[in-house]
Amino acid sequence: MRKNSTKLVRILWVLLALVGLSVVGQQLLKSPDVVQAAAPTPENTVSAAGWQILGGIVISNGITAQPSDVNAIKAPTTTISFTAMHKDDVGFSGSILKNATVREYVNGSWNNVPTGFNRTKPNNYSANVALTFNDLAVGTHYYQIAVTYVNWLGITVDTKYSRVVTVNIAPQPVDATAIAPTATPATIFWGQTTSLDAHLTPANSTATVSWAFGDSSLGAFSNSTGIQTNFTSTLSPTDDNLKQAAGVVSTATATATNSGGGKLSGGAQVTIGGLTKQNVIEGDTLTYYPPALDTMTPPTGAGVSYKWQIYDSNYKLLSNPGGTVAGNGKTLTWTNVPMPSSSIYYLKLNITITKDNQSAIWQSNYAPLTVEPAVVKLIAVPNLLFNKFDGTNYTTPSIQDFYNPAGLTLNYVPKRNVKASTNYDGNNNDLLAVSGKKWTLTVGFSPFRNMDDQNYLSSDKGGTAQFNLNVNGKSFLASDNNTPVTLFTNSADSYTGSLNNSTTLKIPQVKTVTPGTYQSTATWTLIKAP
């Protein structure tokens, strides 16, 4: 039987649980443009520009204003414009600009292209020309234009050639209607990279995509653009991150922005760590191959080596943990596992990546290894601290909160130091752990009592405060009236878990309450099942 303290925080004693959240991201644009090669050499030498003097009496045929390159969105027609010399009456020099034809460079050769031809004459020695192309395909096109001149008898007397004109046709904007990001792989080691894909619907959407991660300290995005990118976790995680038993779970969020400004967002969950908690019976053999190794892809041509490490419950590396350890490969084999003093070890895997005489170490999280003894044992029970919670911050309840006719609901505050009035043996790390097989666990709570003036919250019989305990993914109701509640019945295996702030304490309206810290004693009873 073990006891720990369960407390309502002293009224007017402010204790805030601040949750830090930062975002790392960059605008990753999905460009509709086709990557283009350098413009080809003109099929025909580019002609000199046309000119005129003496008010157009003397004219030299040619293009006076070369056509500019065109960047356009796909449409039924696309136009190239330019200005050329033109003489449409009898004069001392100059010819009539009769027509313009176009050749396109495709796959290494020049070919004829049909176009519409339109000529307007701002004066008697110059013409503006517009060439119309129908239904150009998305991509990059290269054209050279030939301008034909005839004399007043209609006989061709000259042909002039333009520069090579580049026309880029981008697709029409296609708005995204859905987004379903994925991470491949979804579980990685510290230092490893995962590939992210926004998966827009429809697949040809031209929406721009930006990415953000739950915590910028966990890693960074690559410089890739579009609906795909990479996220690489940091090579230097903090101790707190490494000590997350199930790894650090965060979300890569993709936001698609459509042409009209509307946005769609979705997230892909990424777990950084690679190892999960394990159990073994004292004296047995532990064989552990992490599934995350199946999806681990080292850089091409890199050398890879593996080193398993075993730590005690205080995260102290054990050079000789006992038994026989084979830990220089993907699989950890530990024969005749001894019982540690705390009944818990931590496993860690370091993966050394070597390429071009440079090395980097990918790390796993510290994964708990619970050793089950021949008899069942209650290893750890959590202290419980309750406070008001608005979804972001924890605050101390006021006296007025207890007067609320609807009652007062408080949330469990994870990982907060609880100083009890008596030396109880609960822990402040949310940990609930039992080793062994075939056992039953109950917990009961005494009536809440003011630690300063010893007054009860309701009475010495209790029953006013109602707990909703979230244990092992299930909810259990209990009252502060010393009535035990069964959490596990005839459990077949050891258990290591923790509570979270979905555990609540409901207190009906209390019309008389004195300031102070209220405490209840939680009595945990472990029974060896038959």
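For every residue, the table says whether it meets (1) basic (K, R); (2) modelled with pLDDT under 95.
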position	(1), (2)
Y142	no, no
W152	no, yes
V157	no, yes
R163	yes, no
T177	no, no
Checklist outcome for this item: Note on region 179-213: residues at pLDDT below 95, farther than 30 Å from A137 by Cα and surrounded by fewer than 19 Cβ atoms within 10 Å (Cβ to Cβ) are A212
Next on the checklist: Would you confirm, using the coordinates I've provided, whether G226 is over 15 Å from W190 (Cβ atoms), in a loop (DSSP other than H, G, I, E, B) and either open to solvent by less than 20 Å² (accessible area, probe 1.4 Å) or of a type in the set (S, T, N, Q) (or both)?
Outcome noted: yes
Checklist entry - Within region 281-292, how many residues are at pLDDT 90 or above, surrounded by fewer than 16 Cβ atoms within 10 Å (Cβ to Cβ) and of a type outside the set (F, W, Y)? => result 3
Checklist outcome for this item: Taking region 103-115 and keeping only residues that are open to solvent by less than 50 Å² (accessible area, probe 1.4 Å) and either of a type in the set (D, E, K, R) or closer than 22 Å to H86 by Cα (or both), one is left with E104, T115
Checklist entry - Only one of (1) in contact (Cβ under 8 Å) with a residue 40 or more places away in the chain; (2) over 18 Å from the mean Cα position of the chain (by Cα) is not met by D240, so which one is it? => result (1)
Checklist entry - In region 234-241, is there at least one residue being part of a loop (DSSP other than H, G, I, E, B), surrounded by 15 or more Cβ atoms within 10 Å (Cβ to Cβ) and in contact with a helix residue (DSSP H, G or I) (Cβ under 9 Å, 6 or more places away or on another chain)? => result yes
Checklist entry - Do you know which residues across region 60-89 are of a type in the set (G, A, S), part of a loop (DSSP other than H, G, I, E, B) and touching a Gly at 6+ places or on another chain (Cβ under 6 Å)? => result G62
Checklist entry - Within region 300-325, which residues are over 23 Å from N241 (Cα atoms) and open to solvent by 60 Å² or more (accessible area, probe 1.4 Å)? => result T300, G301, S319, N320, T324, V325
Next on the checklist: I need the full set of residues from region 116-127 which are open to solvent by less than 60 Å² (accessible area, probe 1.4 Å) and without any contact (Cβ under 8 Å) to a residue 60 or more places away in the chain, in order please.
Outcome noted: G116, A127
Checklist entry - Out of V165, V157, V147, which single residue is under 54 Å from the mean Cα position of the chain (by Cα) and under 22 Å from G62 (Cβ atoms)? => result V165
Next on the checklist: Condition (residue is charged (D, E, K, R), within 32 Å of the chain's Cα centre (by Cα) and either modelled with pLDDT under 90 or surrounded by fewer than 16 Cβ atoms within 10 Å (Cβ to Cβ) (or both)) applied to region 379-388: is it met by at least one residue?
Outcome noted: no
Checklist outcome for this item: Per the list (1) closer than 23 Å to S498 by Cβ; (2) buried (at least 19 other Cβ atoms within 10 Å of the Cβ); (3) of a type outside the set (D, E); (4) at pLDDT 95 or above, residue check on W362 breaks on (1)
Checklist outcome for this item: Residues in region 479-497 that are assigned to a strand (DSSP E or B) and open to solvent by less than 70 Å² (accessible area, probe 1.4 Å) total 9
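The values are calculated or read from the model by the stated rules, or taken from the named source; none is laboratory data. The structure presented is a predicted model; accordingly, all values stated were derived computationally and were not measured. We place every Cβ from the backbone using ideal geometry, glycine too, and count neighbours over all the protein chains shown. What goes into the accessible areas is simple: the full protein's heavy atoms, side chains included, and nothing from ligands, DNA or RNA. Shrake-Rupley method; radii C 1.70, N 1.55, O 1.52, S 1.80 Å.
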